[in-house]
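In what follows, a structure is listed as structure tokens, so that the remarks can point back to it.
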Amino acid sequence: MDLDPDLAALRPLGGFFVLRTAGAPTDLPPTLAQAYTDHDENVYADSITFRVRTVADRLRIAELRVSASIAQQALAARLWSIALGCAVRYGQVPDLDPRLLLWDAAASAPDDLWLTEVRPRPADAATVADIVVRRHLEPLTALLHARYGVAEGLLWGNAGSALAGAARELDRWARGADPGAGARARALAAELFTHPRLAPTGTLTGTAFRRRSCCLYYRVPGGGICGDCCFTRAPRSSPEGTSG
């Protein structure tokens, strides 16, 4: 079916999948395009810096490279969830051009996004990868690597983990609602993992994923290792895992 203006079919899937298309605040937040290109040293003028420091404050993280990793994975999860959710439920995806996506860097998780115009695009893997990987994750990875020294392999591992997580949540929802949707989600995720940026990040088996890097969550106070981590127990030292 065609994309509707409210993307209402995403609502039953949960908060990571829902995308606002109306009701943006009068005081508009920046677009993601601005976030990827703004390099202002003022933390309040630079939404990426603001988000990284907000995550650090909320989770009591001392190292900004750790909060940068966690913030990036959360945003990647939102983008993959929206794209896969629309692909599976509509057979189309909205154009998630960073210039059309408003982002409230001060909001709580999941990242609060508004799409200012719903433009339908095909839901094939090449189009989805172009939208999410090229337009969003490549500039975001380059920015966080340059600014906080987070290994690029680690950040791409986060992207792979987020993609697998989105597919897994869709598959879980589909079991009781639309088994065919689960099969479509698994097939699309598997094809996306053939992308050169994502193929080295880990191994996908169905919806189970084992990554080749660590997101550094174990360095959050009270944190540990994630279910798809390359480690079986938290390291005693402070490496960034394997960077791919």
Practice item. Describe numerically, in nm with one decimal, the distance between label points set 7 Å from Cα along Cα→Cβ at Ala146 and at Arg119. Key: 2.5 nm
Practice item. Please list 196-203, 81-88, 13-20 highest first by mean number of surrounding beta-carbon atoms within 10 Å per residue. Key: 81-88, 13-20, 196-203
Point to revise | segment 97-202 - Rg and Dmax from Cα coordinates, angstrom | key: 15.0, 44
Check your understanding: How far apart, in nm, are two points set 7 Å out from the Cα along the Cα-to-Cβ line at Ala107 and at Thr194?
Key -> 3.5 nm
Check your understanding: Any idea what % of Cα-Cα pairs in segment 1-117 are farther than 20 Å?
Key -> 42 percent
Check your understanding: What shape does segment 195-237 have by the C-alpha gyration tensor, where a ≥ b ≥ c are the square roots of the eigenvalues, rounded means a/c under 1.5, and otherwise prolate means a/b greater than b/c and oblate the rest?
Key -> prolate
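Net charge near Asp228, counting Lys/Arg +1 and Asp/Glu -1 over other residues with Cβ under 12 Å of its Cβ?
+4
Kirkwood Rh, the chain, all Cα pairs: how many Å? Walk me through the numbers before you get to the answer.
Working: mean 1/r = 0.0553 Å⁻¹.
After inverting the mean inverse Cα-Cα distance, the result is 18.1 Å.
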Review point. Taking 0.36 nm per residue of separation and subtracting the Cα-Cα distance, what length does fully extending Ala62 through Thr205 add?
Key: 48.0 nm
Check your understanding: Along the Cα-to-Cβ line of Ala177, 7 Å from the Cα, sits a label point; which residues in segment 71-91 have backbone N less than 19 Å from it?
Key -> 77-91
Check your understanding: So, in Å, what gap is there between the alpha-carbon centers of segment 164-219 and segment 74-97?
Key -> 14 Å
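For Arg236 and Ala8, FRET efficiency with R0 = 35 Å and r from the beta-carbon atoms, rounded to 0.05?
Efficiency, from the Cβ-Cβ distance: 0.10.
Considering only DSSP states other than H, G, I, E and B, which trypsin sites (Lys or Arg not before Pro) in segment 32-136 qualify as loop sites with at most 15 other Cβ atoms within 10 Å?
Arg60, Arg99
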Check your understanding: Over segment 8-219, what is the mean sequence separation of C-alpha contacts under 8 Å (at least six apart), divided by residue count, expressed as relative contact order in percent?
Key -> 23 percent
Practice item. State, as an integer percentage, the relative contact order of segment 28-121 based on alpha-carbon contacts under 8 Å between residues 6 or more apart. Key: 32 percent
Point to revise | Residues with amide H under 5 Å from that of Arg119, placed H, sequence gap 5 or more | key: Asp95
Check your understanding: Rounded to two decimals, what is Rg over Rh for segment 115-170 when you use alpha-carbon atoms and the Kirkwood radius?
Key -> 1.04
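Quick note: the coordinates plus some simple rules give every number you see, no bench work behind them. Note that the structure is a prediction, hence the values are computed from the model and not measured. All Cβ positions, even for glycine, are placed from backbone atoms using ideal geometry, and neighbour counts span all protein chains on display.
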